[in-house]
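The values are calculated or read from the model by the stated rules, or taken from the named source; none is laboratory data. All values reported here derive from a predicted model rather than from experimental measurement. For neighbour counting, all protein chains shown are included, and Cβ atoms are generated from backbone atoms with ideal geometry for every residue, glycine included.
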Amino acid sequence: MGTMVNFQRPDGKAVQGYLAEPTHVSGAPAVVVIQEWWGLNTQIRGVADRLAAAGYQALVPDLYRGQSTVEAEEAHHLMTGLDFGDAASQDIRGAVLYLKTRAPKVAVTGFCMGGALTLLAMTQTPEADAAVVWYGCPPLEYVDASKIKVPLLGHWATQDEFFKIETVDALEAKLRAADVGFEFHRYLAHHAFANETAVGPGRIPATQYDAVWAQQAWDRTLRFLGRTLG
């Protein structure tokens, strides 16, 4: 459905990404989609395709430069090798700037590791118009809430073993203190509850897809994007 495209980071370096387009591209708002720790895989391409079917241009920057994996150990290795500051301020901001040449408004959304990167990017990407965070958060000392100027939607799992709900409570307090406009939803679910591949014996422990909560979170996401991107 989508194609690989090249775009430039603010520092001039080239990055590739997967671009999914709606039937009517002209004037369509856009969303940058940030991968989980697995890389630019079929599942995250499917997220971009889903957004395109809903009328958005969706771009997934290839943060791992062509690498992806299905092995948790290798995913951890790839994630720890990623420079989060560089990815947030250059790759993600570059993706937003690229879409801004094609779309009136651009949001950023990310899952797991991508959720953490979405929050970081919002502190460094004044060009973005909105953000949706799915069960991922950086260490709170890296979140300068005073720099987040866009509406923020967050989906969190109360049973999440990777991103504890207490951390979400602390993040909420931090955002409130900085007068950030945000809306957080908590789901009685496990990490990666919106990832349809987190099922069966192949999934890593502590992750579990939940079709009902995933649908509700997606409904809320599309309403939020419709409201903030127009």
(message) As an exercise: evaluate residue 159 against (1) touching a residue at least 40 places away in the same chain (Cβ under 8 Å); (2) within 22 Å of residue 210 (Cα to Cα); (3) of a type in the set (S, T, N, Q) and give the number of the one condition it does not meet.
(response) (1)
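Kindly establish whether residue 228 is assigned to a helix (DSSP H, G or I) and under 27 Å from residue 104 (Cα atoms).
Values: assigned to a helix (DSSP H, G or I): yes; under 27 Å from residue 104 (Cα atoms): yes.
So residue 228 fits the description; yes.
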(message) Any residue that is surrounded by fewer than 19 Cβ atoms within 10 Å (Cβ to Cβ), in a loop (DSSP other than H, G, I, E, B), at pLDDT 95 or above and hydroxyl-bearing (Ser, Thr, Tyr) - is there at least one of those in the stretch 129-150?
(response) no
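Within the stretch 169-203, can you find the residues that are over 29 Å from residue 123 (Cβ atoms) and of a type outside the set (S, T, N, Q)? Break it down into steps so the answer makes sense when it comes.
To start, the set of residues in the stretch 169-203 that are over 29 Å from residue 123 (Cβ atoms) comprises 188, 196-197, 199-203.
Those that are over 29 Å from residue 123 (Cβ atoms) and of a type outside the set (S, T, N, Q): 188, 196, 199, 200, 201, 202, 203.
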(request) Sort out which residues of the stretch 151-175 are assigned to a helix (DSSP H, G or I), in contact with a Phe, Trp or Tyr (Cβ under 9 Å, 6 or more places away or on another chain) and hydrophobic (A, V, I, L, M, F, W, C), and write them in order of number. (result) 165, 168, 171, 175
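If I filter the stretch 38-52 for residues that are modelled with pLDDT under 95, aliphatic (A, V, I, L, M) and in contact with a Phe, Trp or Tyr (Cβ under 9 Å, 6 or more places away or on another chain), do I get at least one hit?
Initial filter on the stretch 38-52 (modelled with pLDDT under 95): none.
Within the stretch 38-52, none of the residues are modelled with pLDDT under 95, aliphatic (A, V, I, L, M) and in contact with a Phe, Trp or Tyr (Cβ under 9 Å, 6 or more places away or on another chain).
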(message) If I ask for residues that are buried (at least 22 other Cβ atoms within 10 Å of the Cβ) and of a type in the set (Gly, Ala, Ser), which ones from the stretch 151-175 would you list?
(response) 154, 157
(request) Hey, can you tell me all the residues within the stretch 182-225 that are part of a loop (DSSP other than H, G, I, E, B), among the small types (Gly, Ala, Ser) and exposed (fewer than 13 other Cβ atoms within 10 Å of the Cβ)? (result) 200, 202
(request) Any residue in the stretch 4-16 that's free of Cβ contacts under 8 Å to residues at least 24 places away in the same chain and of a type in the set (A, V, I, L, M, F, W, C): show its pairings with residues that are exposed (fewer than 11 other Cβ atoms within 10 Å of the Cβ) and in a loop (DSSP other than H, G, I, E, B) at Cβ separation under 9 Å, as long as the two are six or more apart or on different chains. (result) none
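Does residue 149 count as of a type in the set (Lys, Arg) and closer than 28 Å to residue 209 by Cβ?
On the way: of a type in the set (Lys, Arg): yes; closer than 28 Å to residue 209 by Cβ: no.
Answer is no for this residue.
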(request) For residue 72, state whether it is surrounded by fewer than 17 Cβ atoms within 10 Å (Cβ to Cβ) and small (Gly, Ala, Ser). (result) yes
